[in-house]
Amino acid sequence: MIKRTQILILLAAFCLVISPLLAHADEWGTITIPEGKPVKIGMGTMLTGDYASLGIDIKHGAEMAVLDHGPILGHSLILQAEDDGCSGPPSVAIAEKLCNDPLVVGLVGYMCSGGSKPASDIHDKYKVVMVSPSSTALELTARGIPIFFRTCWNDRIQAERAAAFAIKRGWTSVVVLHDKSDYGQSLAEDFGKNIEKRGGKVLASEGLTRGDKDFSPVLTKIKPLRPKLIYFGGMAAEGVLVARQMKRVGLRKTHFMSDDGCYTEKDFIQAGGKASNGCYVTYAKEPDPAWVKRFEAKYGPRQTFSPQAYDAATILMRAVEKAAKKQPDGSLIIGKKALRDAIAGTGYDGITGRIAFDAHGDRTGSVVKIYKVVDENGKRFFKQLEF
Amino acid sequence: MSYLLNPQVIIDQSINGLTIGGIYALIALGYTLVYGILFMINFAHGEIFMFGSFGGFAALTYFVNSGFADAHPGLSIVAAFLAAMVISAILGALLERIAYRPLRNAPRLAPLISAIGASIFLQNLMMLIIKARMQVYPDIIPEEFLEFGQYSISYFQLFIIFGSVLLMVGLYLFIQKTKTGKAMRAVAEDREAASLMGIDVNRIILITFVIGSALAAVAGVMVGIYYTQIDHMMGFIPGIKAFTAAVLGGIGNVPGAMLGGYFLGLAEAFGVLFMPAEYKDVIAFGLLVLVLIFRPSGILGEVVSERA
C-alpha cells in the first residue's frame with residue numbers, strides 16, 4: 001500500500017512538473033528564449049561579390065523593419081545577417097548554423113533561388129520558417145515545403161507578364177539568354193514557352209557563365225537571326241554587359257528585356273551608361289513612397305528588394321509576437337508549428353501592398369509591372385509603363 | 001555550319017577574337033618572359049593584371065571626381081595607363097624580391113607554391129580594399145563606331161587590337177635590339193655564364209618582372225575600359241587563359257605567346273558558333289589539355305637557344 005501511495009505521489013509530482021510544458025506542446029517542437037536573451041531573426045543574403053549591392057539592399061530593408069518594430073514582449077531583437085553568396089553551398093551552411101541556434105526564430109532569405117532551394121530542405125528538417133524577399137523561382141513553392149514563404153512574386157507571373165508585353169509590342173521573334181542559375185534559366189525558359197504559346201517564335205536559347213565579361217561571341221552568333229527582342233534571365237552584373245555588348249556587335253534595333261535581377265539603379269542604370277537606355281525590366285509595383293523616402297534618407301538610393309525584405313521581416317516579427325507565450329519567469333516559448341501557422345494566416349497591409357499567402361507559401365494577388373529605362377530631364381531611371 | 005558561309009559573322013567574330021586575343025597575348029607575355037629566364041610559372045601574374053586594372057580605375061575615378069577628365073579625357077586615359085603600369089611594375093618587382101628571389105636556388109616546386117600563395121594573398125588584399133564589391137569603370141569616352149556599310153567596329157576594339165600589337169612589336173624589338181634585351185637573352189640562355197660575362201643577373205631578372213607586369217597592367221586597363229566591370233577575382237580566369245596561351249605558343253617563346261593569345265581568342269570566338277555559349281571556357285582548357293598531350297612544347301616550340 002505504501003508503495004502504491006508513493007508511486008501515486010510521484011506521478012502527481014511528475015504531472016505538476018510536466019503540465020506547463022504540455023500546455024505548450026507543439027507537434028514540431030518549441031523554441032525557448034530565456035529571460036534577458038534576445039530574439040534572433042536570421043538572414044541569408046549576398047554581402048560580398050558581384051550582386052552584393054542587391055544583397056546589402058535586402059539587409060538594409062530587414063534592418064529597418066527590426067529597428068521600426070522594437071522589442072518583442074520584452075526581448076530585444078537582433079538581425080543576424082550571413083553572406084549566402086547567392087548560391088547553394090553557403091546557403092546550406094548558413095541554414096545548418098542558424099537552424100541549430102536556439103535563439104533563432106526564423107529567417108529572412110535567402111536572396112537567390114539557387115540558395116533558397118537547397119536551404120529550404122534544411123529548414124524543413126528543423127522546421128524553422130523562412131520568408132524570402134527575393135527568391136522568385138517557380139519551383140520553390142511547388143515542392144510542398146510547409147515552412148517556405150515569400151514576399152516577392154513567382155516567376156510564372158513574371159514570365160507571363162513579360163511575354164504578354166513583348167507580344168503586344170509585336171516582338172514576336174525572340175532570343176532567350178540565361179545565366180544557367182536556378183533562377184535565370186527557369187525564368188528564361190518559362191518566358192520562351194509563354195512567347196510560343198502566344199504565337200511568337202523563340203529563335204535560339206543560350207546560356208552564359210556568371211562572372212564572365214565577354215558575351216560578344218554569343219551575341220555575334222545571334223546577330224544573323226535578327227531577333228526583335230533578346231530576353232535575359234539573370235542578374236544585373238551580366239545583364240548590363242549583354243545590353244552594352246549588344247550595341248557593340250551591332251544589334252542596335254533589337255530590344256533588350258530582363259527581370260527583377262536587373263531592376264537595380266546602381267548595377268544596371270549607372271553601370272550601363274547610355275547603353276541601358278531603352279532596356280525593359282520587370283518588377284513589382286512601386287512600394288509606398290513615404291517608406292522609400294524614409295529608407296533613402298537613411299541608407300541612400302534603394303536598389304531592388306529592400307521593400308520586400310522590410311515586409312518579410314515585419315511579417316516574421318508579427319507572427320513571433322502572435323505565437324510566443326510569455327512564461328512567469330520572463331522567458332518566451334514559441335511553438336514552431338504555431339509560428340508557421342501565424343505566418344500562413346498573415347493578413348497585413350505592407351509597404352508593398354496587401355500581403356496574404358496561398359497554401360503553397362506564395363503571395364496572393366501579386367502583380368508584376370514592366371519598367372523601361374528612360375532619360376528624362378537629365379535623369380535616368382526606371383519608368384513604370386502602362387500595361 | 002551555315003555560320004561559316006556568312007561573311008558578316010566571320011568578320012565580326014574575328015574582331016571579337018582579336019580583341020580578347022590581344023588581351024590574352026599581353027598577359028601571356030608576362031608568363032613567358034619570366035619562364036624564359038627563371039623556368040618558373042609566375043601564378044601571381046593574373047593578380048598583377050588585376051592590380052593594374054584597379055590602379056587605372058583609381059586614377060580615372062580621381063580624374064573624374066576632380067573634373068580633369070571632362071577637360072582632357074584623352075590625357076586622363078593616358079595617365080591612367082601610366083599609373084596602372086607603375087603600380088603593377090612596383091608590385092611585380094616586390095613580388096620578385098620578396099616571394100621569388102629567396103627561393104631562386106630552392107627546388108622548382110618551392111617558387112611555384114610561393115607564387116600560388118602570393119596570388120591568394122593579393123586577391124584577398126584587394127577584396128579587403130574594395131570590400132568585395134564589383135567596381136565599374138567610369139565612362140569617360142563614349143564608345144563610337146567605325147562603319148563600313150553593314151560592318152562596324154568599335155574604336156575601343158581598334159584601340160585594343162592595335163595597341164596590343166604595337167606593344168608586342170616594341171617588346172620584340174627591345175629584346176632583339178637593345179643592350180638590356182641582349183642581356184635578357186644571355187641570362188635566359190645561361191645564367192651563370194652571363195653572370196661571368198659581367199651581367200648583373202639580379203637586375204636583369206628584376207627588369208623582366210617589371211616589363212611583364214607593366215604589359216599586364218596595360219591589359220588590365222584595356223579590360224576595364226572595354227568590359228567596364230572589375231573585381232578582385234578578375235585576374236584568375238584571364239590569368240589561366242593567358243597561361244594556356246603561353247603554353248599554346250610554346251612557353252618561354254615571345255612570338256609564341258603572341259600567337260597563342262590570338263589563337264586562343266579566335267578559338268573562343270569561333271568555338272561559340274559550334275557549341276552552346278556556356279561551354280566557352282571549355283574551349284580554352286580543352287585546347288590546353290590537347291596541346292599538353294600532343295605537342296607539349298607548343299605551336300612554335302620552346303625556343304631553347306634564343307629563349308626570352
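Under 20 Å Cα to Cα from A:K127, which aspartates and glutamates show up? Leave out anything in the same chain fewer than 8 places away.
A:D26, A:E27, A:E82, A:D84, A:E96, A:D101, A:E139, A:E321, A:D341, A:D358, A:D362
By how many nm would the segment from A:K383 to A:R294 grow when fully extended, if each residue of separation counts as 0.36 nm and the alpha-carbon distance is taken off? Can you show the working numbers first?
On the way: separation 89, 0.36 × 89 = 32.04 nm, distance 2.09 nm.
Extra length from A:K383 to A:R294 when fully extended: 30.0 nm.
If you take the charge dipole of segment B:118-184 about its Cα centre, with +1 on Lys and Arg Cβ and -1 on Asp and Glu Cβ, which of B:L166, B:M184, B:P142 is farthest toward its positive end?
B:M184
So what are the ³J(HN,Hα) numbers for segment B:102-119, from phi and the Karplus equation (6.51, -1.76, 1.60; θ = phi - 60°), rounded to whole Hz, Gly and Pro as x?
x, 9, 4, 9, 7, x, 5, 6, 4, x, 4, 5, 4, 5, 5, x, 4, 4
Using helices alone, I'd like the mean residue ellipticity at 222 nm for chain B: each DSSP H run of four-plus residues gives -39500 (n - 2.57), total over residue count, nearest 500.
Details: 12 runs with 220 residues, N = 308.
After summing the helix terms and dividing by residue count, I get -24500 deg cm²/dmol.
Got a sec? Which residues in segment A:48-87 would a label at A:D329 touch, if it sits 7 Å along Cα→Cβ and we count backbone N under 17 Å?
Residues A:75 fall inside that zone.
Please list the non-local residues whose amide H lies under 5 Å from the amide H of A:K180, H modeled 1.01 Å from N, same-chain partners needing a gap of 5 or more.
A:Q185, A:L208
Share of antiparallel DSSP beta bridges in the protein assembly as shown, in percent to the nearest 5? Display every interim value, and only then the final one.
Values: 28 of 62 bridges.
Given both bridge residues lie in the protein assembly as shown, the antiparallel proportion sits at roughly 45 percent.
Setting aside same-chain residues fewer than 8 positions from A:K285, which lysines have a Cα under 25 Å from its Cα?
By straight Cα distance, A:K285 reaches A:K59, A:K168, A:K193, A:K266, A:K274, A:K293, A:K298, A:K369, A:K372, A:K379, A:K383.
For segment B:259-275, what does the Karplus curve 6.51 cos²θ - 1.76 cosθ + 1.60, with θ = phi - 60°, yield as ³J(HN,Hα) per residue in whole Hz, taken in order and with x for Gly and Pro?
4, x, x, 5, 4, 5, x, 5, 4, 5, 5, 7, x, 4, 5, 9, 9
Using +1 on the beta carbon of Lys and Arg, -1 on that of Asp and Glu, and nothing else charged, what's the dipole of segment A:113-244 about the Cα centre, debye to 20? Let's see the in-between values first.
Values: 21 positive and 14 negative charges, 102 e Å.
Dipole magnitude for segment A:113-244 comes out near 480 debye.
What residues have an amide H closer than 5 Å to that of A:S331, excluding those fewer than 5 places away on the same chain, when H is modeled at 1.01 Å from N in the peptide plane?
Correct list: A:E35.
Based on alpha-carbon centroids, what's the gap between segment B:99-145 and segment B:202-264 in Å, whole number please?
Cα centres, segment B:99-145 to segment B:202-264: 12 Å.
Would you work out the relative contact order for chain B, in percent, from Cα pairs under 8 angstrom that are 6 or more residues apart? List each step's numbers first, then the result.
Details: 511 pairs, mean separation 110.1, N = 308.
RCO, chain B: 36 percent.
Return a whole-number percent for the relative contact order of segment B:106-261, with Cα pairs under 8 Å and 6 or more residues apart as the contact set. Don't jump to the answer; show the numbers that get you there.
Working: 103 pairs, mean separation 37.2, N = 156.
Computed value for segment B:106-261: 24 percent relative contact order.
Which whole-number percent gives the relative contact order of chain A, counting Cα pairs below 8 Å spaced six or more residues apart?
Here the relative contact order equals 20 percent.
Report, in whole Å, the centroid distance computed from the Cα atoms of segment B:9-70 and segment A:147-210.
36 Å
Out of residues 5 or more away from B:I299 or on other chains, whose amide H comes under 5 Å of its own, with H placed 1.01 Å from N in the peptide plane?
B:G249, B:G250
Using alpha-carbon positions, what is the distance between the centroids of segment A:69-127 and segment A:279-324, in Å?
Taking the Cα centre of each part, segment A:69-127 and segment A:279-324 sit 18 Å apart.
Charges on Cβ only, +1 for Lys and Arg, -1 for Asp and Glu, centred on the Cα centroid of chain A; of A:T136, A:P102, A:Q80, which one is farthest towards the dipole's positive end?
A:T136
If the cut-off is 17 Å between C-alpha atoms, which lysines fall inside it for B:K280, apart from same-chain ones fewer than 8 positions away?
Result set, ordered by chain and number: A:K180, A:K213, A:K221, B:K241.
Share of antiparallel DSSP beta bridges in segment A:42-170, in percent to the nearest 5?
Working: 1 of 14 bridges.
Roughly 5 percent of the DSSP beta bridges within segment A:42-170 come out antiparallel.
Select from B:V254, B:A99, B:N16 the residue farthest towards the positive end of the dipole of chain B; place +1 on Cβ of Lys and Arg, -1 on Cβ of Asp and Glu, and compute about the Cα centre.
B:A99
Excluding A:K336 itself, calculate the net charge of residues whose Cβ lies under 15 Å from the Cβ of A:K336, where each Lys or Arg counts +1 and each Asp or Glu counts -1.
Working: positive: A:K40, A:K125, A:K127, A:K322, A:K325, A:K337, A:R340; negative: A:D26, A:E27, A:D101, A:D124, A:D341.
Surrounding charge for A:K336 is +2.
Treating only the Cβ of Lys, Arg, Asp and Glu as charged (+1, +1, -1, -1), what charge dipole size does segment A:335-383 show about its Cα centre? Round to the nearest 20 debye. Could you put the intermediate results ahead of the total?
Numbers: 10 positive and 6 negative charges, 29 e Å.
Using only the charged Cβ atoms, the result is roughly 140 debye.
Okay, helix-only estimate at 222 nm for chain A: each DSSP H run of n ≥ 4 adds -39500 (n - 2.57), divide by all residues, round to 500 deg cm²/dmol; what do you get?
The helix contribution divided over chain A gives -13000 deg cm²/dmol.
When the Karplus curve 6.51 cos²θ - 1.76 cosθ + 1.60 is applied with θ = phi - 60°, which whole-Hz ³J(HN,Hα) does each residue of segment A:60-73 get, with x for Gly and Pro?
4, x, 5, 4, 5, 5, 5, 5, 5, 6, x, x, 10, 6
Applying a 10 Å radius around every beta-carbon, put A:77-89, B:24-36 in order of their mean neighbour count, most first.
Numbers: A:77-89: 20.0, B:24-36: 29.6.
The peptides rank, most packed first, as B:24-36, A:77-89.
Bear in mind these aren't lab numbers, they're just calculated from the coordinates by the rules spelled out. Keep in mind that this is a model prediction, so the values were computed, not measured. All Cβ positions, even for glycine, are placed from backbone atoms using ideal geometry, and neighbour counts span all protein chains on display.
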